[in-house]
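In what follows, a structure is listed as structure tokens, so that the remarks can point back to it.
The values are calculated or read from the model by the stated rules, or taken from the named source; none is laboratory data. The model shown is predicted, which means the values in this text are computed figures rather than measured ones. Note that each Cβ is placed from the backbone with ideal geometry, even for glycine, and that neighbours are counted across all protein chains shown.
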Amino acid sequence: MQDDTMLPEDDRDFSMARRIGNRLDEHAPLDRATGDEPSDDASFYRALLTLKQAPEDTAPPAGTADRVWAALEQQMTKAPATAQPRPALRLIRSLSRRTWMAAAASVLMLVALGWLLTNRAPAPVLLASADTTIVTYTALDGSVVQLRPHSQLYALDEEAARYRIVGEGFFEVTKNEARTFTVETEDARIAVLGTRFNVSTWGAQTAVFLEEGRIRFEHLATKQAVELVPGQHSGAMPDGRLMQPAPADSSEFLDWLRREMIVESRPLRQVLDELAHHYAISFDASLAEPDDPVTGRILLDQIDQSLNDLGKILDGRFVQIDDETYRFVPN
């Protein structure tokens, strides 16, 4: 027996909700029917758009479902005579108590749709992408970003100096008191006025190092934030933890700009994570002590040279086991 608290698959409102969702995904206009779409759907779409675009002092107050439906019906009655008001509106308002949950869900769906039409954020725009070499991008305000190999820079709102980075990049931000330059990753945000800093997202965390100026470093999920001064670094972990700022040697974070890695008692796991990002490769799990400290210099010109340098430090060698995976073999 069908649960009459749920809308059936052939319900017109349920079907229309799906079509509206498809239109939003395809960025299709809502103000006219397309193909064999019912013309009264176009009338309903126009009512939604008119309601969304109404001035605040004429828009219906947020609240009960009755107010929302009343506003929609009022807009639909202003459509051309050939477009008949949807009878589904009156049908839903006359539903019995047993189907109240389904009606409420329909109302909430339409209210949420109106909010999405108004507040939907624009998709990030790819500005620069680095393949196997360092790529330099100059922003609209003159700020310069150097992208590490296999990294991408996106604009969230370039006019407002809001960016997103995936991989690693070094930022030289032009000082401008009239705006705050922000860089986001999957789990953190860096806000500055004018400064030089490095951001990386490989190794399952966002890491930041400040060379010059001052920055605010915030974890997006927990809203925990710290301020860094020159020579400090911090990190945002996926579990919500934010490292307290601590002193660091600039060579540990900026050495890739010179196409080398200078490691001083760094866990082997971190070294492998950095190399895996730099060359877009992976390592198998054959290393018995991934947290052992590593010290040495690794050139980043060619993958064979880099793995040969690391192999010497570890007293062994790396062998390729498929197109993108390497295994360590001790001597």
Quiz item: Do we have Leu300 as under 26 Å from the mean Cα position of the chain (by Cα) and either under 23 Å from Ile165 (Cβ atoms) or assigned by TED's automatic domain parsing to the domain that holds Gln152 (or both) here?
Solution: no
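Yes or no: the range 306-325 includes at least one residue that is within 27 Å of the chain's Cα centre (by Cα), closer than 19 Å to Gly167 by Cα and free of Cβ contacts under 8 Å to residues at least 24 places away in the same chain.
no
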Quiz prompt | Count of the range 183-216 residues which are part of a strand (DSSP E or B) and either crowded, with 21+ Cβ neighbours inside 10 Å or not basic (Lys, Arg) (or both) | solution = 18
Quiz item: Within the range 257-269, which residues are over 17 Å from Gly203 (Cα atoms) and part of a helix (DSSP H, G or I)?
Solution: Leu257, Arg258
Self-check item: Search result, residues across the range 206-258 that are under 23 Å from Ala130 (Cα atoms) and either touching a residue at least 60 places away in the same chain (Cβ under 8 Å) or touching a His at 6+ places or on another chain (Cβ under 7 Å) (or both)
Solution: Ala207, Val208, Phe209, Phe253, Leu254, Trp256, Leu257
Quiz prompt | Residue satisfying all of: in the range 193-212; aliphatic (A, V, I, L, M) and at pLDDT below 95; farthest from Arg148 (Cα to Cα) among these | solution = Leu193
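Condition check ((1) in a loop (DSSP other than H, G, I, E, B); (2) over 24 Å from the mean Cα position of the chain (by Cα); (3) modelled with pLDDT of 95 or more) across all residues:
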site	(1), (2), (3)
Ala221	yes, no, no
Pro230	yes, yes, yes
Gly235	no, no, yes
Pro238	yes, no, no
Asp255	no, yes, yes
His277	no, no, yes
Ser286	yes, yes, no
Glu289	yes, yes, no
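With out of contact with any helix residue (DSSP H, G or I) (no Cβ under 8 Å at 6 or more places or on another chain) and either within 24 Å of Ser151 (Cβ to Cβ) or among the aromatic types (Phe, Trp, Tyr) (or both) as the only criterion, which of Leu299, Leu220, Leu275, Leu310 stands out? Lay out the reasoning, then the answer.
On the way: Leu299 fails: out of contact with any helix residue (DSSP H, G or I) (no Cβ under 8 Å at 6 or more places or on another chain); Leu275 fails: out of contact with any helix residue (DSSP H, G or I) (no Cβ under 8 Å at 6 or more places or on another chain); Leu310 fails: out of contact with any helix residue (DSSP H, G or I) (no Cβ under 8 Å at 6 or more places or on another chain).
Step by step, each of Leu299, Leu220, Leu275, Leu310 is checked, and only Leu220 is out of contact with any helix residue (DSSP H, G or I) (no Cβ under 8 Å at 6 or more places or on another chain) and either within 24 Å of Ser151 (Cβ to Cβ) or among the aromatic types (Phe, Trp, Tyr) (or both).
Please tell me if Val319 is at pLDDT 90 or above, surrounded by 18 or more Cβ atoms within 10 Å (Cβ to Cβ) and assigned to a strand (DSSP E or B).
Numbers: at pLDDT 90 or above: yes; surrounded by 18 or more Cβ atoms within 10 Å (Cβ to Cβ): no; assigned to a strand (DSSP E or B): yes.
No: the conditions fail for Val319.
For residues in the range 291-302 being surrounded by fewer than 18 Cβ atoms within 10 Å (Cβ to Cβ) and not basic (Lys, Arg), which is modelled with the lowest pLDDT? Steps first, please.
Start the filter on the range 291-302 by keeping residues that are surrounded by fewer than 18 Cβ atoms within 10 Å (Cβ to Cβ), which leaves 291-293, 295-297, 299, 301-302.
If we keep only those that are not basic (Lys, Arg) too, we end up with 291-293, 295-296, 299, 301-302.
Numbers: Asp291: 82, Asp292: 88, Pro293: 91, Thr295: 95, Gly296: 94, Leu299: 96, Asp301: 92, Gln302: 95.
Only one residue tops the list, namely Asp291.
Restricting to the range 291-303, give me the number of residues that are without any contact (Cβ under 8 Å) to a residue 12 or more places away in the chain and either over 19 Å from Arg327 (Cα atoms) or assigned to a strand (DSSP E or B) (or both).
At the first step, the residues of the range 291-303 found to be without any contact (Cβ under 8 Å) to a residue 12 or more places away in the chain are 302.
Filter again for either over 19 Å from Arg327 (Cα atoms) or assigned to a strand (DSSP E or B) (or both), leaving none.
Looking only at that region, the number is 0.
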